[in-house]
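Each remark here refers to the structure printed beneath this line.
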Amino acid sequence: MQNGGMTSRRLLSPMAMALLLLACHSASGVDGRIRAARPVPVPPAVQWNHEWARGAVFYEIFVRSFSDSNGDGIGDFNGLTAKLDTLNDGDPTTTTDLGIDAIWLMPVFQSPSYHGYDTVDYQTIEQDYGTNADFQRFLEAAHKRGIRVILDLVMNHTSSESPWFLDSASSPTSQKRNWYVWSATDPGWRQPWGGDPSWHLRNGSFYYGVFWSGMPDLNYRTPEVKAEMFRIARYWLSQGVDGFRLDATRYLVETGPGPGQADIAETHQLLKEFAADVRATRADAVLVAENTTDTAALARYYGSTATIRGGDEMPMNFNFPLASAVLESVKSGNASRIRSTLRDVINAYPRGIIDAPFLTNHDQTRLATVLSNDAGKLRNAAAILLTLPGAPFLYYGEEVGLQNGPTSADESKRTPMPWSSSGGFTSGAPWHAYAPGLAINNVASQVSDPRSLLWHYRKWIAARKSSAALLRGELTLVETGSQTLAFLRETAEERVLVVHNVSDSMASTGVMAIDAAGFEVLSADGGVAVPSGRPGSWSLSLPARSSGVWRLR
């Protein structure tokens with residue numbers, strides 16, 4: 001609570017006065033003249049040590065829908081552990097695994113809801129998924145294969161069934177009353193995106209919950225709340241977790257209605273303090289934040305790079321504007337929107353940060369449905385994502401063209417993983433029906449088919465891993481016609497040219513002013529030739545919906 005601007009004054013205690021006199025005496029010589037005090041050395045700031053994430057391919061998993069080991073129709077950690085070899089078998093010489101580097105697990109803590117975004121216990125694994133010991137076995141198996149694991153950490157709110165909230169709501173004088181935000185009257189705010197009311201009635205008072213009444217927001221102006229959430233993060237890092245995806249980070253602190261509910265200065269400060277605590281605990285951990293906003297506002301969530309390499313706030317942020325741009329350009333056959341968004345990112349983002357591009361996630365209509373199950377467009381989107389800078393995120397099932405379920409509900413975006421033409425997710429009745437297209441959009445049907453979408457994903461992930469420039473290089477746009485997207489990716493040791501044709505017909509780049517003596521194919525779709533011309537004046541024609549990457553000589 002603030003003190004209304006009043007400042008209290010106290011006299012120094014005898015002990016404090018003695019220490020002050022001693023300090024003054026030690027700073028003066030025997031003749032009483034003041035001497036310069038010796039400067040106190042300032043310890044260097046703890047830096048991020050997560051270069052492993054730059055270029056890494058992350059894979060988002062909803063455990064409930066991935067693989068069921070006991071036939072109860074609900075995915076679990078034992079089932080997920082059994083499927084790890086399909087994601088990365090730990091052997092770089094094999095080509096049958098997808099080749100991902102890290103896993104993001106959607107919420108896995110105890111929750112009354114199927115989705116887990118309303119937590120009741122941050123230190124206990126959801127019983128539907130197994131035990132804490134099952135989770136640890138999964139974590140060890142992932143690490144054995146070189147797969148890092150990050151957890152979804154919901155810091156903004158808890159479940160209304162959380163013991164913290166039940167105590168807080170029990171009385172205005174309860175121990176945890178100030179762990180949540182209460183008002184004697186209804187302030188009348190509505191959600192900042194123009195939706196439902198943000199305040200909810202409980203036991204004669206109103207509490208703040210920006211998403212809905214079942215998710216009351218935590219009060220980060222209460223020091224104990226901040227200390228406890230920071231402690232929970234340290235606990236999971238000590239258990240071997242490699243970082244966190246942070247949910248709803250725009251909304252952590254609020255000052256008033258409308259715009260006062262998102263992106264305020266106190267939220268940025270809180271995230272800087274959280275990041276510093278994580279760095280001090282595990283400098284190799286990563287944090288990736290969900291901030292559904294424009295490019296300029298996203299750039300501010302990286303914080304400052306003046307003293308902390310990679311940013312002193314959120315070192316990774318999901319790039320929502322770029323995701324929208326990729327899908328729009330692929331659908332329309334015009335690359336202009338991607339080009340303009342990439343230009344915005346280059347101009348706005350601090351140098352040296354790690355971007356987090358993606359195509360769709362668990363809150364959005366699935367990629368295959370957005371792109372009308374068009375094989376060329378799906379390949380297009382995948383190749384674009386996997387040649388961008390940063391750490392691309394795939395949503396489970398995207399690699400086999402998993403479609404949306406039949407409704408717009410979130411459950412239809414999170415249906416069981418299709419392992420075979422009959423399902424293969426469980427031996428029992430699945431918790432939710434499979435999505436349409438099961439006969440074709442499944443792993444078993446595609447794993448050995450070089451014409452399949454799964455094969456295409458594996459090919460472009462492998463190309464990414466084979467190139468220092470694709471993994472870590474800066475991006476420079478190359479001007480081309482509207483049907484093609486071209487850019488250079490460059491490190492000190494390698495330069496590559498990337499070109500994508502986003503149209504349904506043969507397309508030419510026109511003249512590309514690239515300083516190169518020639519080109520060597522790194523990866524290219526069928527029918528894609530090598531650029532022709534001379535240094536400073538190169539051109540290329542590509543078949544419909546095709547991509548190519550060439551090393552510059």
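Return the residues of the stretch 311-357 that are open to solvent by 30 Å² or more (accessible area, probe 1.4 Å), farther than 27 Å from A45 by Cβ and among the β-branched types (V, I, T); say none if nothing qualifies.
Passing the criteria: none in range.
Are there any pairs with C-beta distances below 9 angstrom linking a residue in the stretch 233-249 that is free of Cβ contacts under 8 Å to residues at least 60 places away in the same chain to a residue that is open to solvent by 20 Å² or more (accessible area, probe 1.4 Å) and of a type in the set (D, E, K, R), with the two at least 6 apart or on different chains, and if so which?
Pairs found: R234/D277; R234/R282; L237/R282; S238/R282.
Within the stretch 485-526, can you find the residues that are of a type in the set (D, E, K, R) and open to solvent by less than 30 Å² (accessible area, probe 1.4 Å)?
Taking the stretch 485-526 first, the residues of a type in the set (D, E, K, R) are 489-490, 493-495, 504, 515, 520, 525.
Within the stretch 485-526, R489, E494, D525 meet the criteria.
For S213, only one of the following conditions fails: (1) polar (S, T, N, Q); (2) farther than 30 Å from D277 by Cβ; (3) over 27 Å from the mean Cα position of the chain (by Cα). What is its number?
Going through the list (1) polar (S, T, N, Q); (2) farther than 30 Å from D277 by Cβ; (3) over 27 Å from the mean Cα position of the chain (by Cα), S213 breaks only (3).
Within the stretch 532-544, take every residue that is assigned to a strand (DSSP E or B) and in contact with a Gly (Cβ under 8 Å, 6 or more places away or on another chain) and give me the one that is surrounded by the fewest Cβ atoms within 10 Å (Cβ to Cβ).
Step one: list which residues in the stretch 532-544 are assigned to a strand (DSSP E or B), which gives 532-534, 537-539, 541-542.
Still in the list and also in contact with a Gly (Cβ under 8 Å, 6 or more places away or on another chain): 539, 542.
Numbers: S539: 13, L542: 24.
Taking the candidates together, the pick is S539.
Return the pairs, sorted by first residue and then second, in which the second residue is open to solvent by 60 Å² or more (accessible area, probe 1.4 Å) and in a strand (DSSP E or B), the first residue lies in the stretch 341-364 and is under 13 Å from A299 (Cβ atoms) and at pLDDT below 95, the beta carbons are less than 7 Å apart, and the residues are 6+ apart or on different chains.
Nothing qualifies.
Might you let me know whether the stretch 434-447 holds any residue that is open to solvent by less than 20 Å² (accessible area, probe 1.4 Å) and either at positive phi or without any contact (Cβ under 8 Å) to a residue 60 or more places away in the chain (or both)?
Yes, the stretch 434-447 has at least one match.
Looking at F66 and the list (1) open to solvent by less than 20 Å² (accessible area, probe 1.4 Å); (2) in contact with a Ser or Thr (Cβ under 9 Å, 6 or more places away or on another chain), which single condition is not satisfied?
The single condition F66 does not satisfy is (2).
Anything in the stretch 284-316 that is of a type in the set (A, V, I, L, M, F, W, C), assigned to a loop (DSSP other than H, G, I, E, B) and without any contact (Cβ under 8 Å) to a residue 40 or more places away in the chain? List them, or say none.
Of everything in the stretch 284-316, just one residue is of a type in the set (A, V, I, L, M, F, W, C), assigned to a loop (DSSP other than H, G, I, E, B) and without any contact (Cβ under 8 Å) to a residue 40 or more places away in the chain, namely A306.
Out of all the residues in the stretch 383-419, which are of a type in the set (A, V, I, L, M, F, W, C), in a loop (DSSP other than H, G, I, E, B) and crowded, with 22+ Cβ neighbours inside 10 Å?
Within the stretch 383-419, the first condition is being of a type in the set (A, V, I, L, M, F, W, C), and the residues that meet it are 383-386, 388, 391, 393-394, 400, 402, 409, 417, 419.
If we keep only those that are in a loop (DSSP other than H, G, I, E, B) too, we end up with 386, 388, 391, 402, 409, 417, 419.
Hits for the stretch 383-419 are L386, L388, A391, L402, M417.
What do you reckon, is A529 over 35 Å from the mean Cα position of the chain (by Cα) and either surrounded by 16 or more Cβ atoms within 10 Å (Cβ to Cβ) or within 22 Å of A462 (Cα to Cα) (or both)?
Working: over 35 Å from the mean Cα position of the chain (by Cα): yes; either surrounded by 16 or more Cβ atoms within 10 Å (Cβ to Cβ) or within 22 Å of A462 (Cα to Cα) (or both): yes.
Judged against the criteria, A529 is a match.
How many residues does the stretch 332-383 contain that are under 25 Å from P315 (Cβ atoms) and of a type in the set (S, T, Y)?
3
What residue, of D196, D294, is loosely packed, with under 15 Cβ neighbours inside 10 Å, touching a strand residue (DSSP E or B) at 6+ places or on another chain (Cβ under 8 Å) and farther than 21 Å from D152 by Cβ? Talk me through it step by step, then tell me what you get.
Numbers: D294 fails: touching a strand residue (DSSP E or B) at 6+ places or on another chain (Cβ under 8 Å).
The conditions single out D196.
Does the stretch 412-471 hold any residues that are hydrophobic (A, V, I, L, M, F, W, C) and touching a strand residue (DSSP E or B) at 6+ places or on another chain (Cβ under 6 Å), and which are they?
Kept after step one, since they are hydrophobic (A, V, I, L, M, F, W, C), are these residues of the stretch 412-471: 417, 419, 425, 429, 431, 433, 435, 438-440, 443-444, 447, 453-455, 460-463, 468-471.
Matches in the stretch 412-471: A444, A463, A469, L470.
Restricting to the stretch 207-238, name every residue that is open to solvent by less than 40 Å² (accessible area, probe 1.4 Å) and of a type in the set (A, V, I, L, M, F, W, C).
V210, M215, L218, V225, M229, F230, I232, A233, W236, L237
Do any residues in the stretch 213-224 that are closer than 10 Å to D118 by Cα have Cβ atoms under 9 Å from those of residues that are β-branched (V, I, T), where the two are at least six apart or on different chains, and which pairs are they?
Within 9 Å, the pairs are M215/V154; M215/T158; P216/T158; P216/V181.
The values are calculated or read from the model by the stated rules, or taken from the named source; none is laboratory data. Owing to the predicted nature of the structure, the values given are computational and were not obtained by experimental measurement. All Cβ positions, glycine included, derive from the backbone under ideal geometry; neighbour counts span all protein chains shown. To get the accessible areas, we keep the full protein, side chains included, count just its heavy atoms, and leave off ligands, DNA and RNA. Shrake-Rupley method; radii C 1.70, N 1.55, O 1.52, S 1.80 Å.
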